[in-house]
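Data block below; observations after.
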Amino acid sequence: MRQSRMFIPTMRETPQDADSLSHRLMLKAGMIKQMASGIYTYLPITKLVLNNIEQIVREEMNAIDGVEIHMPVLHPKELWQESGRWEAYGSELMRMKDRHERDFALGPTHEEIVTALLRDELKSYKKLPLTLFQIQTKFRDELRPRYGLLRGREFIMKDAYSFHSNEASLDETYHDMYSAYSKIFSRVGLNYRAVEADSGAIGGSHTHEFMALADIGEDTIAYTDGSNYAANIEKAGCPVPEVEELNSGREVEKVATPDVSTCSSLAEFLDITLEETTKTMIMRVDNDYVMILLRGDHELNDVKLKSHFGTDDIDFATDEEIQNLLSASPGSLGPVGTDLPVYLDHQVRNMQDYPTGANESGYHFINVNHGRDFEVEAFGDFRFITEGEMAQDGSGPVKFMRGIEVGQVFKLGTKYSEAMNLNVLDENGRSVPVLMGCYGVGISRTLSAIIESHHDDRGIIWPKAVTPFDVHIITANPKDKEAAEIAETLYEDLGKHYRVLYDDRKERAGVKFADSDLIGLPYRIVVGRAAKEGKVEVKARDSEESMELPIDDVKQYLE
Ligand code: ATP
Ligand code: MG
Ligand code: MG
Ligand code: MG
């Protein structure tokens, strides 16, 4: 590809409005253009890299008998009502109406669609197991779109769904997916860890998140260098120091949980006001425990509300954000709005002198303080880990690091098949609900995660597996006709074996070099003055040294 015919609008200045390293580099390298908050056009370099990531994902899905399909983006409301998620999904679900005033959602995930598809097609267990996947644009009206493609409102996901007539078969596919994900994230060049994602409340490993280690990550994970496995310390509980600071002095109170449908805001539902800046609640909703800490040290800036709503972690730092949250409808916050009763249960163990009736439906507790009412080790089955201690599996000292969730595997069981009547006839001719699993990879997020860990201060350094081109040929002096001809020939030659980007633009050498470093292709070949003597300068992007090579040796060097 000739760069003069490409569309790579690189920037000289560092963009000020970008909030993460990958976001800055992608803007600077001319890879993305923002249309609205969390909504981007993927420019050619990005598109090429996405294609490569998608190809790797396809190969690994096919290797475990995943079959590719393409489901609609527009989802009729009725299907989401069947699963109960039209209400429960809340404001993250993008909704729209057609010309007949019928409601639709723009798909944030496809359990409803795929379940509806199979209930019409599947009759017998003999057709199982089955794994379907797609690579598609997803829509989520994120509260805080940020970090470029890391948290978009429109993004690309690979989502797979598996169907089984027995647990053993689901376990097997889950295991295959887990391995496939490990291969995918290794192949694309990420330093990642698989993390058990739930608090242990559900028992066993029914979901894992794949976390790319990176400072910008929104989760904190404990890991060791000697093992591929890690723990998500935020999911499993609340960081100790924060909880310790809490001491509202108020007594624990058992209060009746209001009917969520009568509450117009979360503040009303939780009986919290912004002025009451120190308040804690621990509740349990279905299998998810929900913890809310609202704290403040008089200064509004210090007010921090941290909540764990099922799988969606929200970390609010500013007063305004808390206010926004409190005025949101309770139904918009995941599991909280779905299935009350809310109650405190054995999740919080060692609870000292707790009022009796702790497991009673329809009630919850407020002003629950760590250290006073319970010990922090008491969260689920989780034990707090300290940095530097030897890991339980002996794989080395524990380190803490931030992680980006690039993928998740999940055993759904019969949640959707029961709600939506997806049944098959088993060996004995009985109708049984199908067991399901779902498995997501954030394709566009993965691209950003790759940049977060593969760059230097001059730009991106693409891993070979996903690089948009293999080689960058540059003419140093556009006026040098002879060198240009030599570059032309080399471009055609190498083009037979490699994906070559040829910078034939009439730009100064300095501009070309800067762009080349920004774009970050694995090899750069400069055709300059020495070309007349049959020599070019070759440099690997990840090395500081360049070398002069006879043109005829270039091919051999690249191999
Ligand atoms: P998060 O916790 O970051 O909000 P999630 O748990 O809501 O992600 P899933 O429903 O598990 O996301 O979706 C599967 C994958 O899709 C995630 O692991 C992530 O890689 C990707 N993903 C989710 N939300 C976004 C987003 N807003 N922008 C880009 N990628 C996303
Ligand atoms: Mg998540
Ligand atoms: Mg999310
Ligand atoms: Mg997830």
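Test Glu452 against the stated conditions and say whether it is over 29 Å from Leu130 (Cα atoms) and part of a helix (DSSP H, G or I). Here the answer is yes, as Glu452 does meet what is asked.
Within region 150-172, count every residue that is away from ligand 2 (no atom under 16 Å from the Cβ) and within 29 Å of Ala36 (Cα to Cα).
Step one: of region 150-172, the residues away from ligand 2 (no atom under 16 Å from the Cβ) are 154, 156, 160-172.
Now restrict to residues that are within 29 Å of Ala36 (Cα to Cα): 154, 156, 160.
Total satisfying the criteria: 3.
Selection of region 1-41 for residues being within 18 Å of the chain's Cα centre (by Cα) and either closer than 14 Å to Leu501 by Cβ or aromatic (Phe, Trp, Tyr) (or both) yields only Tyr40. Listed by position, the strands (runs of 3 or more DSSP E) contained in region 44-99 that have at least 1 residues being at pLDDT 95 or above and touching a Gly at 6+ places or on another chain (Cβ under 7 Å) are 74-76.
Taking the criterion of being within 25 Å of Tyr147 (Cα to Cα), buried (at least 20 other Cβ atoms within 10 Å of the Cβ), aliphatic (A, V, I, L, M) and at pLDDT 95 or above, would at least one residue in region 186-197 satisfy it? Yes, some residue in region 186-197 is within 25 Å of Tyr147 (Cα to Cα), buried (at least 20 other Cβ atoms within 10 Å of the Cβ), aliphatic (A, V, I, L, M) and at pLDDT 95 or above.
Within region 118-149, being over 17 Å from Thr46 (Cβ atoms), outside any loop (DSSP other than H, G, I, E, B), more than 16 Å from ligand 2 (Cβ to nearest atom) and touching a residue at least 60 places away in the same chain (Cβ under 8 Å) holds for Leu118, Arg119, Ser124, Tyr125, Lys127, Leu130, Thr131, Leu132, Phe133, Gln134, Phe139. Restricting attention to region 133-161 and to residues that are within 14 Å of Glu68 (Cβ to Cβ) and polar (S, T, N, Q), the residue that is surrounded by the fewest Cβ atoms within 10 Å (Cβ to Cβ) turns out to be Gln136.
Listed by position, the strands (runs of 3 or more DSSP E) contained in region 336-441 that have at least 3 residues being modelled with pLDDT under 85 are 363-366. Residue under question is Leu130, and the condition is that it be buried (at least 19 other Cβ atoms within 10 Å of the Cβ), under 27 Å from the mean Cα position of the chain (by Cα) and modelled with pLDDT of 95 or more; does it hold? Judged against the criteria, Leu130 is not a match. One residue alone among Ile69, Ile39, Ile64 is of a type in the set (A, V, I, L, M, F, W, C) and either without any contact (Cβ under 8 Å) to a residue 24 or more places away in the chain or in contact with a helix residue (DSSP H, G or I) (Cβ under 7 Å, 6 or more places away or on another chain) (or both), and that residue is Ile64.
Confirm whether Ser205 is more than 15 Å from ligand 2 (Cβ to nearest atom) and either modelled with pLDDT of 95 or more or within 30 Å of Met35 (Cβ to Cβ) (or both).
Numbers: more than 15 Å from ligand 2 (Cβ to nearest atom): yes; either modelled with pLDDT of 95 or more or within 30 Å of Met35 (Cβ to Cβ) (or both): no.
For Ser205, the condition - more than 15 Å from ligand 2 (Cβ to nearest atom) and either modelled with pLDDT of 95 or more or within 30 Å of Met35 (Cβ to Cβ) (or both) - is not met.
Kindly establish whether Ser182 is at pLDDT 95 or above, surrounded by fewer than 23 Cβ atoms within 10 Å (Cβ to Cβ), out of contact with any Phe, Trp or Tyr (no Cβ under 7 Å at 6 or more places or on another chain) and not aromatic (Phe, Trp, Tyr). Can you show your working first?
Values: at pLDDT 95 or above: yes; surrounded by fewer than 23 Cβ atoms within 10 Å (Cβ to Cβ): yes; out of contact with any Phe, Trp or Tyr (no Cβ under 7 Å at 6 or more places or on another chain): yes; not aromatic (Phe, Trp, Tyr): yes.
Answer is yes for this residue.
Taking each residue of region 209-226 that is within 13 Å of ligand 1 (Cβ to nearest atom) and looking for partners that are part of a loop (DSSP other than H, G, I, E, B) and modelled with pLDDT under 80 with beta-carbon atoms closer than 9 Å, six or more apart or interchain, yields Glu209/Ala197. The set of residues from region 128-164 being farther than 23 Å from Tyr416 by Cβ and within 12 Å of ligand 3 (Cβ to nearest atom) comprises Glu142, Leu143, Arg144, Pro145, Leu150, Arg151, Gly152, Arg153. When you scan region 9-17, do you find a residue that is within 15 Å of ligand 1 (Cβ to nearest atom), within 26 Å of Gly189 (Cα to Cα) and among the hydroxyl-bearing types (Ser, Thr, Tyr), even just one? No; the residues of region 9-17 include none that is within 15 Å of ligand 1 (Cβ to nearest atom), within 26 Å of Gly189 (Cα to Cα) and among the hydroxyl-bearing types (Ser, Thr, Tyr).
The values are calculated or read from the model by the stated rules, or taken from the named source; none is laboratory data. These numbers were taken from a predicted model, which means no experiment stands behind them. Cβ: placed from backbone, ideal geometry, glycine included. Neighbour counts: every protein chain shown.
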